[in-house]
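Inspection log for the structure reproduced underneath, given as structure tokens.
Read-outs throughout are calculated quantities, based only on the coordinates presented, and are distinct from any laboratory measurement. Worth saying up front: this structure is predicted, and the values here are computed from it rather than measured. Glycine also receives a Cβ, built like all others from the backbone with ideal geometry; neighbour counts cover every protein chain displayed.
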Amino acid sequence: MQVDYNERIPNNVGLADDRRLLRALERWQPAYLDWWRELGPVGAHEHAVFLRTAIGVDTDGWAHFDFVRMPDYRWGIFLAEPAPDRRINFGIHKGEPAWQELPGEYRAELRRLIVTQGDTEPASVEQQRGLGLTAPSLYDLRNLYQVNVEEGRHLWAMVYLLHAYFGRDGREEAEEMLARHAGDADKPRTLEAFNEPTDDWLSFFMYTFFQDRDGKFQLHALSESGFDPLSRTCRFMLTEEAHHMFVGESGVMRIVQRTCEKMREHDTDDVGRFGAIPLTLLQKWINFHYSICLDLFGSEDSTNAANYYAMGLKGRYRETRIDDDHVLAGSTVTVPAVEGGRLASKEVTALKAMNETLRNAYVDDSQRGLDRFNKVIRSFGIDAELRLPHRAFHRNIGAFAGVCAAPDGTLMGEASWKRKRDEWLPNADDHAFVQSLMIPVSEPGAMAGWIAAPKRGIHGQALDYRYVEFH
Ligand code: BYC
Ligand code: FE
Ligand code: FE
């Protein structure tokens with residue numbers, strides 16, 4: 001289905017035929033644009049950027065590439081095509097037709113899921129807003145802005161659901177989305193990782209590798225929802241998420257590549273002197289971003305998660321491909337626990353372990369990414385490995401909250417942990433060093449010294465294409 005860009009809010013949901021909804025969204029739109037100008041990318045409002053914009057939701061050719069001044073980007077509302085006769089695929093309503101209207105008995109739960117999801121989207125734009133000033137290349141700058149506009153669109157996607165299905169309190173929640181801010185002392189974003197500063201490009205690539213990957217898994221789980229509008233919304237968001245995953249993985253990969261080249265060239269691990277990022281620093285950044293992202297999955301033992309599943313609101317990763325009864329009444333699984341100061345495990349119902357089940361899928365996926373980085377390191381004949389820290393390391397939610405664990409999972413006293421902290425997580429000197437590398441490069445085709453060039457350009461364009469026009 002093509003999308004009509006003559007409309008003020010491009011969409012494939014028939015907004016023109018629903019005057020009330022259209023008016024409500026048109027009232028929210030100026031507040032969104034004000035927010036974007038105030039808390040969106042710094043100093044970018046006059047740039048013309050080679051961006052892709054959704055023009056249809058079918059798999060072939062939904063994207064259109066052109067130069068867009070970012071405030072003129074057409075944030076729209078797109079849902080994946082409906083699956084004919086779609087059913088609820090899990091939980092107590094399994095087999096019933098998917099809900100096309102809001103199921104009244106689950107209103108509170110759905111509202112909460114949608115608000116939590118929606119809150120992360122503008123949060124990420126706020127967290128990344130300063131990065132445009134220090135991009136390592138025009139290619140990377142363009143990718144940053146592409147991610148930013150799409151996260152803005154993801155907010156639109158959730159705000160659409162709130163406006164279309166939740167009436168007045170939905171509209172209030174939509175306003176609150178622009179009132180909470182990443183890192184704000186009084187009104188922070190809901191989930192902790194969305195309040196962390198993201199001030200350098202190493203952090204940006206780790207963010208898109210680890211934190212957007214939480215987005216991928218949460219969106220997959222929500223795309224299984226029996227509430228069909230939520231499912232269709234998330235299915236379309238996932239097509240955009242794939243690019244965010246690419247930006248993160250290829251970004252870290254290119255840094256690893258440059259680091260290894262410098263290690264070989266100078267026959268040393270200490271490549272900071274040569275303007276590259278040592279593997280030890282990459283490891284610290286991994287330790288930080290991975291651990292705060294594990295928290296995003298919630299507690300190992302969660303009544304909320306059990307309810308979401310039983311009610312048919314939030315499924316497992318690729319629910320329909322799993323070979324079981326999709327009801328899970330009476331089945332149990334073991335989840336990690338801490339008992340008497342030791343790592344242990346405990347049995348909980350499979351329903352209450354839903355957060356852990358999703359986290360497990362995330363851990364495996366993250367490990368596959370690290371395996372690919374390690375393959376590059378090995379291809380240089382370098383005997384080193386990047387590792388995911390133990391799940392107990394640096395956690396703030398769930399069984400390991402408040403536990404002092406080393407990256408290898410060894411439990412220890414708080415004082416010892418604090419003494420070691422600077423060896424495991426980025427410290428002030430590390431931040432200062434990485435910051436010192438953040439010198440903007442804006443010559444077409446040129447790259448900052450700490451990162452290798454990508455293999456190819458965007459949408460068939462050359463690497464030295466002028467992806468961003470500064471005005
Ligand atoms: N920080 O029962 P529990 C993305 C709270 S990322 C702070 O385990 P539940 C993106 C919890 O709210 C994807 N608080 O929680 C990425 C609860 O509070 P109450 C975002 C936390 O509900 C990059 C209490 O602790 N989408 O799209 O099972 C760029 C008990 O916990 C945290 C979603 O998250 C935390 N980390 O699980 C842009 C999907 N964790 O009730 C975008 C929707 C838990 O005691 N959200 N708490 O007041 C959910 O499915 C669930 O809310 C969660 C939490 C999985 C997040
Ligand atoms: Fe998103
Ligand atoms: Fe994303």
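Annotations for the structure displayed:
- Distance histogram in 5 Å bins (all Cα pairs of segment 182-235, percent per bin): 5, 18, 18, 17, 18, 14, 9, 2
- Anisotropy class of segment 411-469 from Cα gyration tensor, a/c 1.5 cut: prolate
- Here, segment 300-436 yields an orientationally averaged convex hull projection of 11.8 nm² when only Cα atoms define the hull.
- Leading residue at positive end of dipole, the chain (Cβ point charges), from Val338, Phe205, Cys293: Val338
- Dividing the Cα radius of gyration of segment 17-57 by its Kirkwood radius returns 1.10 for Rg/Rh.
- Orientation-averaged projection of segment 167-262 equals 7.9 nm² [convex hull of Cα atoms, one quarter of hull surface area].
- Cα-based Rg of segment 84-469 normalised by 2.2 N^0.38 Å, two decimals: 1.03
- For segment 202-215, 3J(HN,Hα) per residue [Karplus equation, 6.51 cos²θ - 1.76 cosθ + 1.60, θ = phi - 60°, Hz, x = Gly/Pro]: 5, 5, 4, 5, 5, 4, 5, 6, 8, 7, 5, 5, 4, x
- Cut-off 15 Å between beta-carbons: net charge of the residues surrounding Arg111, Lys and Arg +1, Asp and Glu -1: -4
- Burial ranking of peptide ranges 348-358, 426-436 (average Cβ count within 10 Å, highest at the top): 348-358, 426-436
- Taking label positions 7 Å along the Cα-Cβ direction at both Ser345 and Arg8, the computed distance is 5.7 nm, reported to one decimal.
- Using Cβ point charges alone (K and R +1, D and E -1), the dipole size of segment 365-471 about the Cα centre works out to roughly 360 debye.
- Lys/Arg +1, Asp/Glu -1 at C-beta; segment 84-469 dipole; positive extreme among Phe380, Tyr317, Leu238: Phe380
- Look at the dipole of the chain built from charges on Cβ: of Met177, His459, Leu22, the Cα furthest out on the positive end belongs to His459.
- The chain: relative contact order as a whole-number percent, Cα under 8 Å and 6+ apart: 19 percent
- This model, with +1 at the C-beta of Lys and Arg and -1 at the C-beta of Asp and Glu, gives the chain a dipole about its Cα centre of some 260 debye.
- Each part gets one Cα centre, and for segment 1-65 versus segment 399-423 those centres are 46 Å apart.
- Per-residue [θ]222 nm for the chain (sum of -39500 (n - 2.57) over DSSP H runs n ≥ 4, rounded to 500): -15500 deg cm²/dmol
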